Every structure is written in structure tokens, then in C-alpha cells.
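Written out below as C-alpha cells is the structure these notes cover.
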Amino acid sequence: MLLLQFQIDDDIYAFDVHSIVEVAPLVELKQIPYAPHKIAGVFNYRGKLIPVINLSIIIKNKSINEIMSTRIIIVNFNSEKYGNKIVGLLAENVTETITCTKKDLQQQSIKIEKAPYFTDILVRRQQMIQIIDINKLISNEIQEQLFLDENDK
């Protein structure tokens, strides 16, 4: 299993790379007036406007630090209501990948209602790395703001 690691403050998180399309450098995002603060903006990705979600706000309710290692992680997001969508995830300290096996992961022992996207934990070199399920990351409320229903067109 291959994971992409990122960091918020001193906490380390990771995604399974199977949902990741590309890791892009930080580009200037078009701000959308009146959009929720979790939505960082949109950008042109290969001729298509892609919404970008701020991971720091979703996970820790804090602004992101725009540093050299801040990236846009472009992912395939599978929504039950809207189908497969491409979404950008704004993250800082996107610096490395981690190879592990399913056996290396430990099940999280606490169920957090407000954060259903937290799944397993990888303990590696005295660090705990929280694994995130991309398909549980974006709440239904944010999905309704991000994606048009076919009937809305």
C-alpha cells in the first residue's frame, strides 16, 4: 500500500494514493464570493474548473500556511449522490510517500462522528500517522455546494 503524507501543525496525515490523480504545485486560486470558508476556490486543471477544498480548515479549522511544500492534491472523489468528481485538496507539507501493508495499520479505537474520514493509524518511527478516507472527507453539505445535480443544469 502506498500513502501520500501531508502535515497540519505537528500532526501527520496520509491518503491512499489510489484515489490521487496528481499532486500539483500551488497555483493562484479563483476565490468564489460567498463560498464557505472550507472551499479555497477553483482553478483551471487541463481545461476544466476544479473546486479546491482547504484540508486545514476541514480537519483542524485553521487557515493553511502557504509554504514551499503546499500543494493541491487532485483526487477522484466518489460521491453517492453526484458520482465521480475530480476535486483539489489544498494541503501543506506534502513531502513524501510511505509504503506499508494493511497489517501495519492499526484500527482507530475512537469513533468520531464529526470526522468519519479518519480511519486507521500507522505507527512509524515514533510517529502516528492518521489515515484519511478521501471518499468520506467531503461532507454532504459541502458536496451540495460544490457539485451540480444533473437536474440543476
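The values are calculated or read from the model by the stated rules, or taken from the named source; none is laboratory data. Since we're looking at a predicted model, the values are computed, not measured. We place every Cβ from the backbone using ideal geometry, glycine too, and count neighbours over all the protein chains shown. These accessible areas exclude ligands, DNA and RNA; they are computed on the full protein's heavy atoms, side chains included. Shrake-Rupley method; radii C 1.70, N 1.55, O 1.52, S 1.80 Å.
Just check segment 88-153 against the gyration tensor rule for me: Cα atoms, a ≥ b ≥ c as the square roots of the eigenvalues, rounded for a/c under 1.5, and otherwise prolate or oblate depending on whether a/b exceeds b/c.
On the way: a/c = 2.89, a/b = 1.94, b/c = 1.49.
Here segment 88-153 falls in the prolate category.
Rolling a 1.4 Å probe over the protein heavy atoms of the chain, with every protein chain left in place, gives an accessible area that is 47 percent carbon and sulfur. Averaging the sequence gap over all C-alpha pairs within less than 8 Å and six or more residues apart, then dividing by the number of residues, gives segment 1-80 a relative contact order of 29 percent.
For segment 61-139, GluC sites (Glu not before Pro) meeting the loop criterion (DSSP other than H, G, I, E, B) and having at most 14 other Cβ atoms within 10 Å: 66, 80, 113. Secondary-structure-derived ellipticity at 222 nm for the chain, considering helices only, amounts to -2000 deg cm²/dmol, per-run term -39500 (n - 2.57) for DSSP H runs with n ≥ 4.
Only one item in (i) -0.51, -1.15; (ii) -0.42, -1.14; (iii) -0.47, -1.25 matches log10 I(q)/I(0) by the Debye sum over Cα atoms at q = 0.11, 0.18 Å⁻¹ derived from the coordinates shown, and that item is (ii). Solvent exposure of segment 22-129, expressed per residue, is 64 Å² of accessible area, with all protein chains present and a 1.4 angstrom probe. The alpha-carbon of residue 30 sits under 16 angstrom from the alpha-carbons of these aspartates and glutamates, leaving out residues fewer than 8 places away in its chain: 66.
Coupling constants for segment 63-78 follow from the phi torsions by the Karplus curve (6.51 cos²θ - 1.76 cosθ + 1.60, θ = phi - 60°), and in residue order they are 5, 7, 8, 7, 10, 4, 9, 6, 9, 9, 8, 8, 10, 8, 10, 9 Hz; glycine and proline get x.
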